[in-house]
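Enquirer: Okay, here's the structure, questions in a sec.
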Amino acid sequence: MGDNNYATIIIMVTISVVQMPRMEGTCLLLLLLLSGGLSTLPPNLKEHHFVNQLMNWTEAQSYCREHFTDLVTVYNSDINQLLRSMAPNLEDWVWLGLYNDRYSWKWSMEGKHFYVGSTHEFLIWANGQPDCVNANEYCVALQGQTQMDDRPCGDSYPFLCYNASSTSYILVMESRSWSEAQSYCRTYHTDLTSIRRKEEKSNITLTLNGSGVQYVWIGLYRDPWAPWSDNTTSTFTNWAPSEPNNKNSFEYCVSMYSMPGKWYDARCNYKLNFFCFTGEVQNTNTVRSCHHVKH
Ligand SMILES: [Ca+2]
Ligand SMILES: [Ca+2]
């Protein structure tokens, strides 16, 4: 790829904006100098590169990591404005570095000493789960007695607490949301239960035996749309109305429509243009595998 296949934006800590005249051919250089008031921006210099090639999200990520640093992370609306400023040169859609990691689950009881020396996770998902229906299933319930299903956190189910002092598992037959269930368990016991060892699963099965519950909350959950490709965190989002919707349960990567600059979750295998950046990243773990993003 030659240098004329992408335009370059350089972000620096000053306030003026300079736009170079458009050159013949495909080469366009935008030199945009941004305000020092961007307090949420990482303090380091970043160059953003528009890559005028159609690739799916995973290919785009690989390309950015090979030629630059990674797919772009958007930290605030000013950055979004910056990207939008290139809209006349975009076909329509571009990939951003944000994706929905369906398999990045956390346990509510993560830090408790109960699990010291026992990191093995004992997970059995029900068939086709986790499916994150409507991009709205971020908490995990046991379905029946043995299989896990991601469910909307606002759903009300009975729940399983773990009590470390008596080493017991308590089925609370009150229907609560996942957060309410977690609060209850932390108040009266230790936490929502984990299922990370075989004997733990046996105990839970015994506890549920004959209860007849269809779903019961356990302590597994994940942060929706938290991970960016470069492993940094940004709380800024700019979703289009009713997005993300995970249409047909296949949308795990984020695209931006150029003119309104709004974000849409989309199938990762669509071929779109994309932005890469060059620069330091705060987290050194920039080469982690995203194999699970291939859909
Ligand atoms: Ca589900
Ligand atoms: Ca969508």
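Enquirer: Within the range 106-221, what percent of beta bridges assigned by DSSP are antiparallel, to the nearest 5?
Expert: Antiparallel bridges: around 90 percent, rounded to the nearest 5.
Enquirer: Once you order the gyration tensor axes a ≥ b ≥ c over the Cα atoms, which shape class does the range 106-221 get: rounded for a/c under 1.5, otherwise prolate or oblate by comparing a/b with b/c?
Expert: Taking the square roots of the gyration eigenvalues as a ≥ b ≥ c, the range 106-221 is rounded.
Enquirer: Taking 0.36 nm per residue of separation and subtracting the Cα-Cα distance, what length does fully extending T187 through A240 add?
Expert: Value of the extension gain: 15.2 nm.
Enquirer: With contacts defined as alpha carbon pairs under 8 Å and 6 or more residues apart, what's the relative contact order of the range 106-221 in percent?
Expert: Once divided by the residue count of the range 106-221, the mean separation gives 35 percent.
Enquirer: At a 1.4 Å probe, what is the % contribution of carbon and sulfur to the accessible area of the range 106-221?
Expert: So the carbon and sulfur contribution to the accessible surface is 46 percent.
Enquirer: Okay, moving on. Of K46/K247; K247/K271; K106/K271, which pairs sit farther than 24 Å apart, going by alpha carbon to alpha carbon?
Expert: Flagged as over cut-off: K46/K247; K106/K271.
Enquirer: Just the number please: accessible area per residue for the range 106-221, 1.4 Å probe, all protein chains included, in Å².
Expert: Per-residue value: 46 Å².
Enquirer: What figure, in Å² to the nearest 10, do you get for the accessible area of R222 with a 1.4 Å probe and non-protein molecules left out?
Expert: Here the accessible area works out near 10 Å².
Enquirer: What distance in nm separates the two pseudo spin-label positions at M173 and S211, each 7 Å out from Cα along the beta-carbon direction?
Expert: 1.1 nm
Enquirer: So which chymotrypsin sites (Phe, Trp or Tyr not before Pro) in the range 198-236 are both in a DSSP loop and have at most 15 other Cβ atoms within 10 Å of their Cβ?
Expert: F236
The values are calculated or read from the model by the stated rules, or taken from the named source; none is laboratory data. This is a predicted model, so every value here is computed, not measured. All Cβ positions, glycine included, derive from the backbone under ideal geometry; neighbour counts span all protein chains shown. All accessible areas refer to the heavy atoms of the entire protein, side chains included, with ligands and DNA or RNA removed. Shrake-Rupley method; radii C 1.70, N 1.55, O 1.52, S 1.80 Å.
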